[in-house]
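Structure first, then comments.
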Amino acid sequence: MLEWSGNSSPVRMMRSARIDHYEAHSVFHGLLEGEDYRNRVAGACIYCCPRCSHRIRFRWRSFYQANERSAFKWKLRRVFDDMTPALKTDEQGFLDFFCPTCAAPTRIIFSADDYAKLAYHFDIYAALVGAGTRQK
Ligand SMILES: [Zn+2]
């Protein structure tokens with residue numbers, strides 16, 4: 001007989017099995033480290049998909065223009081929203097996309113600090129990556 005355990009629903013189990021959390025430094029190249037910041041976007045950086053190794057170049061502008069627009073349908077977006085922590089920062093944003101090679105849904109989470117009017121520092125916190133559906 002199956003026993004129902006109160007603290008884990010099948011939905012939650014499925015979610016945690018499908019989406020992985022990657023620290024910024026494990027999937028990005030070219031971020032800056034400083035005394036009071038980590039994983040800062042300066043000019044351009046390279047994201048390497050942990051599922052298929054596809055590389056994507058992101059620019060400072062990519063984060064500036066992200067504006068919480070999402071490539072995901074609302075259901076998938078909800079799942080990612082549930083896994084997105086609230087950062088200890090004034091503002092935070094995210095960039096949602098599907099890997100062009102393996103189609104893994106991917107969210108890059110970053111903090112945004114304005115150090116002058118219309119000038120931002122973007123520090124990447126992590127990437128959440130779902131399962132790819134296509135083979136390389
Ligand atoms: Zn990929």
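Read the figures in this text as sums done on the coordinates, not as results from a lab. Since the model is a prediction, treat every value here as computed from it, not as a measurement. FYI the Cβ positions are ideal-geometry reconstructions off the backbone, even for glycines, and counts take in every protein chain you see.
GNM remark for the chain: springs join alpha carbons under 10 Å apart, and the peak mean-square fluctuation among Y22, Y37, Y47 falls on Y37. Under the simplified labelling scheme, the R18-A131 pair shows an inter-label distance of 0.8 nm, with each label point 7 Å from Cα along Cα→Cβ. Largest GNM mean-square fluctuation across L31, L76, L95, computed for the chain with C-alpha springs under 10 Å, falls on L76. Considering helices alone, the calculated mean residue ellipticity of the chain at 222 nm is -5000 deg cm²/dmol, with DSSP H runs of length four and up weighted by -39500 (n - 2.57) and normalised per residue. Rounded to two decimals, the Cα-based Rg/Rh of the chain, with Kirkwood Rh, is 1.02. Of all the options A71, A104, A119, the one that moves most in a Gaussian network model of the chain with Cα springs shorter than 10 angstrom is A119.
Axis angle, to the nearest 10 degrees, between helix 74-83 and the longest C-alpha principal axis of the chain: 80 degrees.
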